[in-house]
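First comes the structure, then the notes that go with it.
The values are calculated or read from the model by the stated rules, or taken from the named source; none is laboratory data. Not measured: the values here are computed from a predicted model. When we count neighbours, we look across all protein chains shown, and the Cβ atoms used for this are built from the backbone with ideal geometry, even at glycine. With ligands, DNA and RNA removed, areas are computed over all heavy atoms of the protein, side chains included. Shrake-Rupley method; radii C 1.70, N 1.55, O 1.52, S 1.80 Å.
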Amino acid sequence: QVQLVESGGGLVQPGGSVRLSCTASVSFASLSTMGWYRQAPGKQRELVATMSSSGSTGYGDSVKGRFTISRDNAKNTMNLQMNSLKPEDTAVYYCNVYLWPQSYWGQGTQVTVSS
C-alpha cells in the first residue's frame with residue numbers, strides 16, 4: 001500500500017506560478033513511473049506530466065514549456081513547478097505513482113487561476 005500526500009495548491013493570478021509537491025510513503029527507488037494529472041469540472045482527467053524511474057519526462061501538450069516535473073529521491077517527494085499559469089489550468093491536480101501491480105493516487109489539490 002502506498003500513501004501519497006499532496007500540497008501546494010491554491011488561488012493564483014493569471015501569469016503567476018505555483019509549486020505542487022507529493023510525498024510518498026515508499027522509496028522512490030521502488031516505483032516504476034510517477035506523474036501528475038488534473039481534472040477540471042465537467043472534463044475527464046488528463047495527463048499533465050510524467051517521469052520514469054530513469055528520469056525521462058513527458059508533458060501534456062497544453063503545459064509544455066510552462067510546467068516542470070521533478071523529484072527528490074532523498075525525500076521521496078515529487079514536485080510540479082507551474083509557471084505562466086492560465087485560467088484554463090484551473091483544476092484539481094492529482095499525483096500518481098505506479099508500484100507493480102497497482103497504480104496509486106493522491107487525494108488531489110485544487111489550483112484555481114483567476115484574477
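Averaging the sequence gap over all C-alpha pairs within less than 8 Å and six or more residues apart, then dividing by the number of residues, gives the range 1-63 a relative contact order of 22 percent. What the Cβ-Cβ distance of ARG66 and GLN107 gives, at R0 = 25 Å and to the nearest 0.05, is a FRET efficiency of 0.55. The calculated FRET efficiency for the pair SER32 and LYS86, based on their C-beta separation and a Förster distance of 35 Å, comes to about 0.65. In order along the range 40-53, the Karplus-derived 3J(HN,Hα) couplings, from 6.51 cos²θ - 1.76 cosθ + 1.60 at θ = phi - 60°, round to 8, x, x, 10, 6, 5, 10, 5, 9, 7, 9, 9, 7, 5 Hz, and Gly and Pro are given as x.
For the chain, what proportion of DSSP beta bridges, expressed in % and rounded to the nearest 5, is antiparallel? All intermediate terms of the calculation are to be shown ahead of the outcome.
Values: 39 of 42 bridges.
Given both bridge residues lie in the chain, the antiparallel proportion sits at roughly 95 percent.
When nucleic acids and ligands are ignored and a 1.4 Å probe is applied, THR57 ends up with an accessible area of around 80 Å².
Keeping every protein chain present and rolling a 1.4 Å probe, give me the accessible area per residue for the range 50-105 in Å².
Working: 2880 Å² over 56 residues.
Here the per-residue accessible area is 51 Å².
Cβ-Cβ distance of ALA74 and SER52, R₀ of 25 Å, FRET efficiency by 1/(1 + (r/R0)^6): the value works out to about 0.85. Relative contact order of the chain, taken over Cα pairs closer than 8 Å and 6 or more residues apart, is 37 percent.
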